[in-house]
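Chemist: I'd like to ask some things about the structure below.
Nothing in this text is a laboratory measurement; each read-out follows from the coordinates by a stated rule. The model shown is predicted, which means the values in this text are computed figures rather than measured ones. A quick note on method: Cβ atoms are made from the backbone with ideal geometry, for glycine too, and the neighbour counts reach across all protein chains shown.
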Amino acid sequence: MNKKILSLILVAMVSSTALISCGTKANKDTSSTESTASTESTESNQQTPSGDPAASPTGGNSASSENKSNNSSVLGENSAPTVEVTQVATVADFKDKDATAIQAVLGDPISQNGNTSTYEKDNYTFDVTYYDSICGQVKITPKTEMKYSADVNNILKVLGINAVDSDSVSPSEFSWNNKFDTYKISVFPNASAGDKLGYVQVILAEQYK
């Protein structure tokens, strides 16, 4: 009888030890799984932080695109000339010249208003302003439609000028200062239609500004 009781006690102790061991192992496995999941979640958040512009492939280019858009609003998306311009005269034909010399280039004036004589040649109107009988300013207006600003550089070819970059650019004026043997050259848009080219103003020397 005593042996049977002792055997039962031993069996109970072994069973209890086995259950405790299994429970401890299960707790360790669960804790390990939770720890691994937490680590992976933290690493994922560090790699792709929410709201970071650098994480987006286009985030770094947004400012550049905006600047390009602003420039395009002045220069125009298409900067290719819209018409062919042929040379009619040169700056030298006007600078320090009197009415007789200019008439030899442009022909007889079609009208005169004070000290300004108006000439027409090819597809352009030339308003020449004289100071003490010497040409000081020339205003050139195209008769055919030209675009502002696609034809800004293009129209200067009427004077044999191959312009590239102007000194100032705005929706209301492109200008070159002290270049092409002049004091200033400006190209303006049409007063009633800003997308059309209006005229070229050439100031030949500082005293005529």
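Chemist: In a helix (DSSP H, G or I) and over 21 Å from Asn153 (Cα atoms) - does that describe any residue in segment 113-134? Break it down into steps so the answer makes sense when it comes.
Modeler: Applying the first criterion (in a helix (DSSP H, G or I)) to segment 113-134 yields none.
No, because not a single residue in segment 113-134 is in a helix (DSSP H, G or I) and over 21 Å from Asn153 (Cα atoms).
Chemist: Here is a follow-up. Suppose the filter is over 21 Å from Ala80 (Cα atoms) and part of a loop (DSSP other than H, G, I, E, B); does Ser192 pass it? Steps first, please.
Modeler: Numbers: over 21 Å from Ala80 (Cα atoms): yes; part of a loop (DSSP other than H, G, I, E, B): yes.
So Ser192 passes the test.
Chemist: For segment 98-129, enumerate the residues that are closer than 18 Å to Lys184 by Cβ and of a type outside the set (Val, Ile, Thr).
Modeler: Phe126, Asp127
Chemist: Take segment 77-97 and flag every residue that is surrounded by fewer than 15 Cβ atoms within 10 Å (Cβ to Cβ) and not in a loop (DSSP other than H, G, I, E, B). Can you show your working first?
Modeler: Taking segment 77-97 as the starting set, the residues that turn out to be surrounded by fewer than 15 Cβ atoms within 10 Å (Cβ to Cβ) are 77-80, 82, 84, 86-87, 92, 96.
Result: Ala92, single match.
Chemist: Tally the residues that are surrounded by fewer than 14 Cβ atoms within 10 Å (Cβ to Cβ), in contact with a Lys or Arg (Cβ under 9 Å, 6 or more places away or on another chain) and not polar (S, T, N, Q), restricting the search to segment 168-209.
Modeler: Residues meeting the conditions: 4.
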